[in-house]
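Below: the structure, in structure tokens.
The values are calculated or read from the model by the stated rules, or taken from the named source; none is laboratory data. Keep in mind that what you see is a predicted model, and the values were worked out from it rather than measured. Reconstructed Cβ throughout: ideal geometry from the backbone, glycine too, with neighbour counts over all protein chains shown.
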Amino acid sequence: MAETQPLRVLVLGATGLTGGKVVNGLLERSEVAEVVAPVRRPTGVDHPKLTQPVVDFDDLAAHSELFDVNVIVCCLGTTIKKAGSQEQFRKVDFGYSLKAAGLGRSAGARAFILMSAVGASANSKIFYNRVKGELEDAVRELGYPYLSIYHPGLLLGQRQEHRTAEALGIKVMPLVNRALLGPLVQYRGIEAATVARAMVNEVCGLATTADPVVGRQVWTYPEICRLAGDEPGLI
């Protein structure tokens, strides 16, 4: 049996829909020794394995010591409406994420798991997808030995803030999913809890791998379901 090396994991976007579930899942696993979850303001959450430093995301380099971890899970993300402009959206989704990835690589992190989006491409005509694709390309250039990118469709789950368009999409998604077959299956809506379980399982699998290496690995709906331990269903 392979020897297990307890992991120190940093989670970005820990107060978001998926990131919060990733943090909770990691805290329950014996493969994880510590979860570092930088936040903008105190959350009041207390756990012996959880470190939640309050940081200025505009100056992540001032907190470079936090990135001395084995694995980074990046679930950072916003919307153009919430950010206020395309420029601010890009600062969060691209700028913060890439800066964190660079700090982690410089500190010796071996694995980076990135929440992106289905349709992400630097060549996309859609601004949101183009920014996501540009981030993927930039992170690949950092040379992480293990890089895993998630391409979920619409994330289903109860958010703290109300997003009208997403709320409408969630209501019709069970019907839409049934129509998305074959190559269109990657566009199915998926529960944020499923994506989080997949990420947690993937992270914990690295505890038995001394020097993980993987190519440009991208997970879509079917693979995410399998990583989560679910059969790819219709919802």
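When ALA117 is tested against the conditions (1) buried (at least 19 other Cβ atoms within 10 Å of the Cβ); (2) touching a Ser or Thr at 6+ places or on another chain (Cβ under 8 Å); (3) hydrophobic (A, V, I, L, M, F, W, C), the lone failure is (2).
Filtering region 102-122 to residues that are part of a loop (DSSP other than H, G, I, E, B) and under 23 Å from ASP58 (Cα atoms) leaves GLY108, ALA109, SER116. Against the condition modelled with pLDDT of 95 or more and either surrounded by fewer than 21 Cβ atoms within 10 Å (Cβ to Cβ) or within 21 Å of ALA193 (Cβ to Cβ) (or both), how does LEU17 come out, does it pass? Taking the combined requirement at face value, the residue does not satisfy it.
The residues on offer are LYS99, LYS125, and the sole one that is in a helix (DSSP H, G or I), free of Cβ contacts under 8 Å to residues at least 40 places away in the same chain and farther than 16 Å from VAL71 by Cβ is LYS99. Counting only residues that are part of a helix (DSSP H, G or I) and touching a Ser or Thr at 6+ places or on another chain (Cβ under 8 Å), region 128-160 holds 7 of them. The residue that is modelled with the lowest pLDDT, counting only those in region 207-235 that are polar (S, T, N, Q) and out of contact with any helix residue (DSSP H, G or I) (no Cβ under 7 Å at 6 or more places or on another chain), is THR209. Among the residues here, LYS125 does not qualify as touching a helix residue (DSSP H, G or I) at 6+ places or on another chain (Cβ under 8 Å) and at pLDDT 95 or above.
Exactly one residue out of VAL55, VAL73 is surrounded by 14 or more Cβ atoms within 10 Å (Cβ to Cβ) and within 23 Å of ALA196 (Cα to Cα), and it is VAL73. Every test in (1) in a helix (DSSP H, G or I); (2) within 17 Å of ALA14 (Cα to Cα); (3) among the charged types (D, E, K, R) is passed by ARG41 save one, and that test is (1). Taking residues in region 52-81 that are of a type in the set (S, T, N, Q) and in a helix (DSSP H, G or I), and partners anywhere that are modelled with pLDDT of 95 or more and surrounded by fewer than 21 Cβ atoms within 10 Å (Cβ to Cβ), the pairs with Cβ atoms closer than 6 Å and at least 6 places apart or on different chains are SER64/LEU103. Candidates in region 151-206 are the residues that are surrounded by fewer than 21 Cβ atoms within 10 Å (Cβ to Cβ) and small (Gly, Ala, Ser); of these, the one that is modelled with the highest pLDDT is ALA193.
When ALA14 is tested against (1) within 19 Å of the chain's Cα centre (by Cα); (2) assigned to a strand (DSSP E or B), exactly one condition is not met: (2).
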